[in-house]
Amino acid sequence: MARCPARGGYGGVVSSRTTAAQEAARRRTFAVISHPDAGKSTLTEALALHARAITSAGAVHGKGDRRGVTSDWMAMEQARGISVTSAVLQFDYRENVLNLLDTPGHADFSEDTYRVLAAVDCAVMLIDAAKGLEEQTRKLFDVCRHRGVPVITFVNKWDRPGREALELMDEIEREFRLRPTPVTWPIGIAGEMRGTLDAREPDAALRYTRAPGGEKAAAEERLDVGAAREVFGDDYDRAVEELELLTETGGGHDPEDFLAGRSTPVFFGAALSNIGVRVLLDAVVDLAPPPASRRLADGGERPVDAEFSGLVFKMQANMDPSHRDRIAFLRVCSGVFERGMTVTRAASGRPFATKYAHSVFGQDRTSVELAYPGDVVGLVNAAQLRVGDTLHTGKRVEFPPMPTFAPEHFAIVRPTDIAKSKQFRRGIAQLDEEGVVQVLVSDIRGEQAPVLAAVGPMQFDVVRHRMEHEFSSPVRLETLPYHLARATDPAGGEALNRSRLVHGEAMLRVKDKVTLALFPSRWHVGSFEREFPDSPLEPLIAAHEQD
């Protein structure tokens, strides 16, 4: 694999606020979101391939001589062919610097995925042509809408049998209240992808020739109307009619509606075959917004050309097992970051030295000298930093706190060897800081038997694996019968614990001291509200309600 360095991204000389603004305008910082098996990691590789950041695309399950995907670096990810952590890939494309934050896509992913969306300016929503909108896609879209992140849609796997394109457009509009505006449109039904139309070039069509094995970019051939009719026949005329129908009924791309979250530009393709990926990559540059002013906790805004500021959105330990280090992933929000500069941690007012700063490409690292708004910097050995921290120079500024998302699975965790209690406590605390799980404590069990709260149960497998292999403290888990959490106050927690009519339990979240009320289902929430109408119950973001 060969990395294409970000020219002008981390090189050059430090200059004025003008430089920060100019460099920010060249940045596009985005994430790919999807349901499991929709092809997210494959699309990530294909995008990097088309930008020539890598020389060949990998497979999620690498076979023979074909390597695995760059972004899946953890041993568990490579063994299972899934993504359970987030990776950051930076590469140049068309005089721009693209920061691609690859997120976990597995159904049992952690809130790590949600937090990454706090660091991006746009998201590419990947939809399986056969399955349409799925549960995790819905959750991730809800987070995008909550954070005001505009969404570009890519309908993937059009080279396999699937649903009708018009049906998928109706589903997006109906379920997301989001107007789909096709930019490209498939020639041929799902499973027989012959080419695409582009709404911006009505007098032409693209024909694709897949590269053997899908490791290289698919060849594209531009055909005029006459050649397209000869090659594609009735499929071409049908595609033209469908695209014209959608455009005439308000389906044309509107930049203002897109940035406001009222519409989504739609593209069709097949990531595994590298079909339609180049057009999508162009769309990220042409349509996605560059970094802009960012809202502050006090209600003001931080312009990109202000003094340096950044947001810690992710913590990751042991990316390099030989060094046992911890990396804080920092999104640069304003100004210019220089390696070695001393910044201030807003939460404590204390200085923090940035001597060890890396850019991260999958598991590969290179030292960062300079970074600009939109870039992501990995700060090594940042033990004192936490997710949600603001770092800055000059006058104190602080970004809003990182939201905590709704866990749906809960388990008591205990060390299998009581002699390893010290390692146990250190490991659980670190996994809490990284956001792998949320750690809760209760008066009933005490701090010796904390409760782990997770968005998906596979996070418990991650905990078992990391506790044993990184902290030398194997653990056992006892699942609890709760599937829904609400934020309440201490009085509400006491009311729940003493109630004889409602099945539930109150616990304290260690990280922020918020009292959570846990229930088996929504029915039990209703019972609590009827018995204690004055006790607050606040929903958490991305909650999945169970009856």
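Which shape class, rounded, prolate or oblate, goes with region 133-218 when its Cα gyration tensor gives a ≥ b ≥ c as root eigenvalues, a/c under 1.5 marks rounded, and past that a/b bigger than b/c marks prolate?
Values: a/c = 1.91, a/b = 1.65, b/c = 1.16.
It is prolate, given that a/c is not under 1.5 and a/b is the larger ratio.
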Spelling it out for Ala218: with amide H atoms placed in the peptide plane at 1.01 Å from N, the residues 5 or more places away or on another chain with amide H under 5 Å from its amide H are Ala211
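Hey, any idea what % of region 423-465's accessible area is carbon plus sulfur with a 1.4 Å probe? Mind dumping the intermediate values first?
Working: 740 of 1540 Å².
C and S fraction of accessible area: 48 percent.
Given a 1.4 Å probe, how much area per residue of region 377-499 is accessible, in Å²?
Numbers: 4970 Å² over 123 residues.
Result: 40 Å² of accessible area for each residue.
Output the pairs from Lys157/Lys216; Lys139/Lys513; Lys355/Lys511; Lys157/Lys314 with a Cα-Cα distance over 21 Å in this structure; if there are none, say none.
Values: Lys157/Lys216 17 Å; Lys139/Lys513 25 Å; Lys355/Lys511 28 Å; Lys157/Lys314 31 Å.
Correct reply: Lys139/Lys513; Lys355/Lys511; Lys157/Lys314.
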7 Å from Cα along Cα→Cβ at both Arg425 and Arg145: what's the point-to-point distance in nm?
4.5
Sort largest first and round to whole Å: the equivalent ellipsoid semi-axes of region 227-305, each the square root of five times a Cα gyration tensor eigenvalue.
37, 17, 9
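By its C-alpha gyration tensor, with a ≥ b ≥ c as the square roots of the eigenvalues, how is region 408-547 shaped: rounded for a/c under 1.5, else prolate for a/b larger than b/c, else oblate?
Values: a/c = 2.30, a/b = 1.94, b/c = 1.18.
Verdict is prolate for region 408-547.
Where in region 88-185 are there GluC sites (Glu not before Pro) that are in a DSSP coil and have at most 14 other Cβ atoms within 10 angstrom of their Cβ? Write down the numbers at each step before the final one.
Numbers: sites: Glu95, Glu111, Glu134, Glu135, Glu164, Glu167, Glu171, Glu173, Glu175; in loops: Glu95, Glu111, Glu134, Glu164.
Hits after loop and neighbour filter: Glu95, Glu164.
Ranking request for peptides 183-192, 217-226, 250-259: highest mean number of other beta-carbon atoms within 10 Å first, then the rest in descending order.
Working: 183-192: 21.2, 217-226: 14.3, 250-259: 16.0.
Result, highest mean first: 183-192, 250-259, 217-226.
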For region 445-547, size of Cβ-based charge dipole, Lys and Arg +1, Asp and Glu -1, in debye:
180
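Restricting attention to region 400-492, which trypsin sites (Lys or Arg not before Pro) occupy a DSSP loop and are surrounded by at most 16 other Cβ atoms within 10 Å? Can you show the working numbers first?
Working: sites: Lys420, Lys422, Arg425, Arg426, Arg445, Arg464, Arg466, Arg476, Arg486; in loops: Arg445.
Here the sparse-neighbourhood loop sites are Arg445.
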If you take the square roots of the eigenvalues of the alpha-carbon gyration tensor of region 350-460 and sort them as a ≥ b ≥ c, do you get rounded (a/c under 1.5), prolate (a/b over b/c) or oblate?
prolate
Compute the accessible area per residue over region 196-343, keeping the other protein chains in place, probe 1.4 Å, unit Å².
43
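For region 251-300, give the percent of accessible area contributed by carbon and sulfur heavy atoms, probe 1.4 Å, rounded to a whole number. All intermediate terms of the calculation are to be shown ahead of the outcome.
Numbers: 880 of 1740 Å².
About 51 percent, which is the carbon plus sulfur part of the accessible surface.
Go through 292-303, 114-125, 232-243 and give me the packing order, highest mean Cβ count within 10 Å leading. Could the numbers behind the result be given before it?
Numbers: 292-303: 13.9, 114-125: 24.1, 232-243: 16.8.
Top to bottom by mean Cβ count within 10 Å: 114-125, 232-243, 292-303.
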Ordered by number, the chymotrypsin sites (Phe, Trp or Tyr not before Pro) in region 446-485 that occupy a DSSP loop and have at most 16 other Cβ atoms within 10 Å are none
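How much of the accessible area of region 119-220, in percent, comes from carbon and sulfur atoms when a 1.4 Å probe is used?
Working: 1900 of 4080 Å².
Roughly 46 percent of what the probe reaches on region 119-220 is carbon or sulfur.
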Could the peptides 282-290, 345-353 be put in order, highest first, of the mean number of other beta-carbon atoms found within 10 Å of their residues?
282-290, 345-353
Express in nm, to one decimal, how much length is gained between Lys355 and Asp461 on full extension, taking 0.36 nm for each residue of separation and deducting their alpha carbon distance.
34.7 nm
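The values are calculated or read from the model by the stated rules, or taken from the named source; none is laboratory data. All figures in this text were calculated on a predicted structure; none of them were measured in a lab. So basically every Cβ, Gly included, is an ideal-geometry build from the backbone, and we count neighbours across all protein chains shown. Note: accessible area is taken over every heavy atom of the protein model, side chains too, but ligands, DNA and RNA are not part of it. Shrake-Rupley method; radii C 1.70, N 1.55, O 1.52, S 1.80 Å.
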